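The values are calculated or read from the model by the stated rules, or taken from the named source; none is laboratory data. Since the model is a prediction, treat every value here as computed from it, not as a measurement. Virtual Cβ from ideal backbone geometry, glycine too; neighbours counted across all protein chains shown. Heads up: the accessible areas ignore ligands, DNA and RNA and are worked out on the full protein's heavy atoms, side chains in. Shrake-Rupley method; radii C 1.70, N 1.55, O 1.52, S 1.80 Å.
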Amino acid sequence: MNRASSAIVRGLLQLGPQVLPFADAATPELPLPRLLRLSLFQVTVGMAAVLLIGTLNRVMIVELAVPSWIVAGMLALPLLFAPLRALIGHRSDHHRSVLGWRRVPFIWFGTMAQFGGFAIMPFALLILSGDTTGPLWVGQAAAALAFLLVGAGLHTVQTVGLALATDLAPERARPRVVALLCAMLLAGMAISAVIFGLLLKHFSEVRLIQVVQGAAVVTMVLNCAALWKQEPRNAKPSRESAPESRFSEAWRTFATAGRARRRLIATALGTAGFSMQDILLEPYGGKILHLPVALTTAFTAMLALGGGAGLVLAARRLNRGADPHRVAGMGALVGIVAFCSVIFSAPLGSPPMFALGVALIGFSGGLFAHGTLTASMALAKPEDRGLALGAWGAAQATAAGLAIAFSGVVNDLGSALAVRGDFSDALADPVTGYTLVYGVEIMLLFATLVAIGPLVRGRNESPSGASATFASAAFPGGLKSGGLR
């Protein structure tokens, strides 16, 4: 058995970029083992997203009977921190700590915020479950604080972590490294969703608390492993670095280059269109289609797998020279079809149609995110990588937070009015609230297409053809390697 295992390992090590999709992301300066270890921070980000948006929101709404508008408000609390992603990215571009690090302090404090949020969450769940004599508002306030801390940590770790990866990789490999990190985010979501589903197959409040505590420990361990000996201490500014400027000046320069504002508006509209369903898909499966917790959690894994398939298609089209804005527009179109599938799954009583819609939402979201990130990174200057990634992330996170909060209000209000008979007898059903939300998402995706249109027509306005060059060189997993992104 040992000989067979050794032969398998040697065979895998001998595989080249034709089979291993991200092998060509590694360089002598940043070997593949070190790069994969660095990417572990994306795994923890994906795990936290699945736990908050997938598992906890369904449990609080269905099992703990917390009103969905309260849960939506909790999930939207990170919105308070989201606009600061651009500022954090800019600060990490020019920061020098007393230990000589730029990025590491931001990632460390972001990790501590994630750990603190997960540490508070079990006590909040105990009060919300009614197993204690504490007042209910204490549990709700503690849960809100936990969501806020985890969200703040996510924004910080992801923004600065991506910037650190681009710093460590040489210029020729930076786009491919970013692609690998995005794929690791999806892998973290898919693996975490499967594990959470298995652990919660026989649901109980105690088991849920154990899962949350385990997530806190895993987050700390993986993020510390990701940071270990990555950024050199006392690093001198590189030749390509520009003198530090005020954030307002840096932002003004970035926002006026290459239609960046319209690109951010399109990113925000599309993200809102894909995000309103975040807290409703699992409750929709539980309340409307009467599916168990383990199965609805597994749908979150399908969402991630669909996103991976979207990245594959986007990579192939971009390697053929496709316009990244056109790829993002394709994602919006497929998203419209996906939400129609989810809507019709209720009257038809069809879980397979619902599963298809969930997978298509992930697929279209992967296309859209890939296209918008490619377009944004194409115009980023070397000294403003953190700012560019932060601006893209801020637009996404802010739009997602507003959309999540709005979706909870629309769902509760629409369902209450429908059940009371204010619409018609045919619509006197709780599913009406969900349908209203999905209808709004479809309209937002149509608005996204309107915003992206001028960007497609103005493709050649990018300076020096940066967009086409970035798209053709950025992604290793194209037709030749058959890989992801």
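Brief remarks on what is shown
- Ranked by the mean number of other Cβ atoms within 10 Å per residue, highest first, peptides 145-156, 411-422 order as 145-156, 411-422.
- Ranking by accessible area, most exposed first, for Leu51, Leu289, Leu136 with a 1.4 Å probe: Leu136, Leu289, Leu51
- List Trp101, Trp392, Trp69, ordered by accessible area with a 1.4 Å probe, largest first: Trp69, Trp101, Trp392
- List Ser248, Ser68, ordered by accessible area with a 1.4 Å probe, largest first: Ser248, Ser68
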